[in-house]
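Report on the following structure.
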Amino acid sequence: MVSESAAERLEAIRRQLPASTQLLAVSKGHPAAAIRELAELGQRSFGESRLQEAIAKQAELADWPALDWHFIGRLQANKVRPVVQRFAWLHSVDSLALAERVARIAAEEGVCPKVLLQVKLRPDPAKGGFAPEDLRQAWPQLRALPTVQLVGLMTMAPLGLDAAQRKSLFADCAALARELGLEQLSMGMSGDWQEAAAAGSTWVRIGSALFGSKPLSPPAWDAI
Ligand SMILES: *Cc1c(COP(=O)(O)O)cnc(C)c1O
């Protein structure tokens, strides 16, 4: 089999994306050269989940100031400042305390990041996120935070759901966003982005289906 190029994979995804859905290229575990290749093809939005790795790549790509960086990994409290300094979008704010910390540090840094609140709509021990009841309860305090732009919700489907269960989960996330008046929906990855896009996702976060290989895990990455 002839292996596809990044350009072919990007083109195939772009052809299938609805007009209302943007592509977030998840570049974690892939080198700056792979990001540069996609940037030269017009891709601007990139998602990273590990701070140290992202810092190194952002430095290598300093000649591309138009790139739009999204933090999608678990956000530790002690990493909020460096993340807020380097990322305009945070997809993984999963508690009121974390949102308050982001707001306080954003004020000190003179920035106003776009925040997507991570929600957990099905039981999943592997993932964080607001339960819908907790999000509704925290909502008045969240929306009063002055230095974050609350733009949307982010969710991930637990492993092991079938297609119908994923569709129902994505529909639930879209309904919760509508209820709260939030426009952005970050849902869908390499294995389920078509379903998420059909359910109204505005950001599909695609890594392996775009970069064409498995990302390097942190120890392998750190060895480069
Ligand atoms: C790695 C990652 C993705 C991309 O996963 P793929 O299956 O490679 O497309 C999307 N979202 C989050 C939060 C991730 O950590």
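The values are calculated or read from the model by the stated rules, or taken from the named source; none is laboratory data. Bear in mind the structure is a predicted one, so any value in this text is a computation, not a measurement. Positions of Cβ are generated from backbone atoms using ideal geometry, with glycine treated the same way; all protein chains shown enter the neighbour counts. When the accessible area is computed, the model is the full protein with side chains, heavy atoms only, and any ligands, DNA or RNA have been set aside. Shrake-Rupley method; radii C 1.70, N 1.55, O 1.52, S 1.80 Å.
Some values worked out for this structure:
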{"item": "Solvent-accessible area per residue for region 20-173 (1.4 angstrom probe, square angstrom)", "result": "44 Å²"}
{"item": "Spin-label model distance (nm) - residue 74 vs residue 56, 7 Å beyond Cα toward Cβ", "result": "2.1 nm"}
{"item": "Net charge, residue 180 excluded, C-beta distance under 14 Å - Lys, Arg +1, Asp, Glu -1", "result": "-2"}
{"item": "Spin-label pair residue 104/residue 8, simplified geometry with 7 Å Cα→Cβ offset, distance in nm", "result": "5.3 nm"}
{"item": "Accessible surface of the chain [probe 1.4 Å, protein heavy atoms]: carbon and sulfur percent", "result": "53 percent"}
{"item": "Net charge of Cβ neighbours under 15 Å - reference residue 147; Lys, Arg +1; Asp, Glu -1", "result": "+2"}
{"item": "Directionally averaged shadow of region 4-212, computed from the convex hull of its alpha-carbon atoms, nm²", "result": "11.2 nm²"}
